[in-house]
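This report refers to the structure that appears directly beneath it.
The values are calculated or read from the model by the stated rules, or taken from the named source; none is laboratory data. All figures in this text were calculated on a predicted structure; none of them were measured in a lab. Cβ atoms come from the backbone with ideal geometry, glycine included; neighbour counts cover every protein chain shown.
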Amino acid sequence: MRKWGLILVLIVGLVGLYGIAQAKVSGVCSNCHTMHYSQDGGVLSEWGQSGPYESLLVNNCVGCHTGENDGTNTTPYVYSTSSLTYGTDTLAGGNFYWVANGCDECGHNVTDIPGVSQDSNFSQTPGHVDGTTCSSCHGSGNMVLTKCVFCHNPKHHVDDSGPVVGDDEEVKYRFLSLDYYHPSSFQEGSYNFYGVAGIEDGDWEYTVSSTDHNEYCGAASSEDYSGASHSISRYCAACHWGFYGDNTGHWKKHPSDYALPNSGEYANYTTYNPLAPIARLESTLTSMTAASSTVTPGEDQVSCLSCHRPHGSPYSDMLRWDYENECKAGTSDPDCGCFVCHTEKGGS
């Protein structure tokens, strides 16, 4: 035991020597890891009950990210087991609370979350191009589609000091890269997706304003989704390509990765509103050092996150606002995100 202790001390010393101390995660190793999942029968009260876990972890993704956000927590909580107030103790991506409590359309059906079952529409992913399915790879008997690691490839020990994360670093913004399961050809071949880039808000938008928010990468150019990309919308399109689409005359699908028009009512959206966030051109994002309150129509882009919370919300389709009740044409409502861009539709 003494020899193993010495080896661990040496490893920790070498890690510090080579500068990994700048990585995202810091602190006592035993906060996250155990050498043997065996003490007290392997079910220590503060650890997950279904271990042991990969990488000698003391818990799984959900176990570590379950809790109540209060502005002091150093781990972002994306699942709460008790009732919470949307927009007050939720973060940028929303929360799985609502889908776990019976509102199937309120969040992604991530089966790692207790109480969440596989989506009944699993055989046909909503918005998947031409109605084709994902079940050939992700159906019964194969890996389950909706696991945390399908969307995130966590690399907690990689330096993500930024300010722009994911443009060329090994770690991607919020670990959004899809490469935990998918082969590199999916991301670096014809699909041309290289993982999401962005600037992360210090408290994950627990507090949020025009100057205090995440920044997201959009397409490489203002109206081109065909080239290599670090776009958050291209990331969503991996499963929901049919919602991504292009402009074939009159819009039949809401544009995403397209520039907010610099004319008409859209030109009035010039101050960033977290209710309907925009994405930045890659060239714009990489020149930024912090979140900006300025929106530039004609350059800044509509993204999937302009309307949706990827983890979940109290509203259908994971929308950021109550589309069915708060959005009435000709009636001004500051809680309707549609009117952030469509500034003349809500009345005065």
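One table, with the values for the structure above:
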| read-out | value |
| --- | --- |
| Selection count, segment 91-109, where residues are in a loop (DSSP other than H, G, I, E, B) and free of Cβ contacts under 8 Å to residues at least 40 places away in the same chain | 3 |
| Segment 251-287: number of residues that are outside any loop (DSSP other than H, G, I, E, B), over 19 Å from residue 167 (Cβ atoms) and at pLDDT below 95 | 2 |
| Residue within segment 289-306 that is surrounded by fewer than 15 Cβ atoms within 10 Å (Cβ to Cβ), among the aliphatic types (A, V, I, L, M), over 22 Å from residue 253 (Cα atoms) and in contact (Cβ under 8 Å) with a residue 40 or more places away in the chain present | yes |
| Members of segment 198-223 found to be small (Gly, Ala, Ser) and either at pLDDT below 95 or not in a loop (DSSP other than H, G, I, E, B) (or both), listed by number | 198, 202, 209, 218, 219, 220, 221, 222 |
| Pairs, first in contact (Cβ under 8 Å) with a residue 40 or more places away in the chain in segment 158-172, second assigned to a loop (DSSP other than H, G, I, E, B) and of a type in the set (Ser, Thr, Tyr), C-beta under 7 Å, six or more apart | 163/289; 164/286; 167/286 |
| Residue that is farthest from residue 113 (Cα to Cα) [pool: residues in segment 54-66 that are part of a loop (DSSP other than H, G, I, E, B) and of a type in the set (S, T, N, Q)] | 59 |
| Qualifying residue in segment 67-86 (condition: among the aliphatic types (A, V, I, L, M), within 18 Å of the chain's Cα centre (by Cα) and not in a loop (DSSP other than H, G, I, E, B)) | no |
| Residues of segment 315-339 classified as part of a loop (DSSP other than H, G, I, E, B) and either more than 22 Å from residue 214 (Cα to Cα) or over 17 Å from the mean Cα position of the chain (by Cα) (or both), total | 12 |
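The rows are residues; the columns are (1) at pLDDT 90 or above; (2) of a type in the set (Phe, Trp, Tyr); (3) surrounded by 14 or more Cβ atoms within 10 Å (Cβ to Cβ).
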residue	(1), (2), (3)
3	no, no, no
9	no, no, no
15	no, no, yes
36	no, no, no
75	yes, no, no
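Yes/no per residue for (1) free of Cβ contacts under 8 Å to residues at least 24 places away in the same chain; (2) surrounded by fewer than 19 Cβ atoms within 10 Å (Cβ to Cβ):
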| residue | (1), (2) |
| --- | --- |
| 229 | no, no |
| 272 | no, no |
| 277 | no, no |
| 286 | no, yes |
| 310 | no, no |
| 323 | yes, yes |
| 327 | yes, no |
| 333 | yes, yes |
| 336 | yes, no |
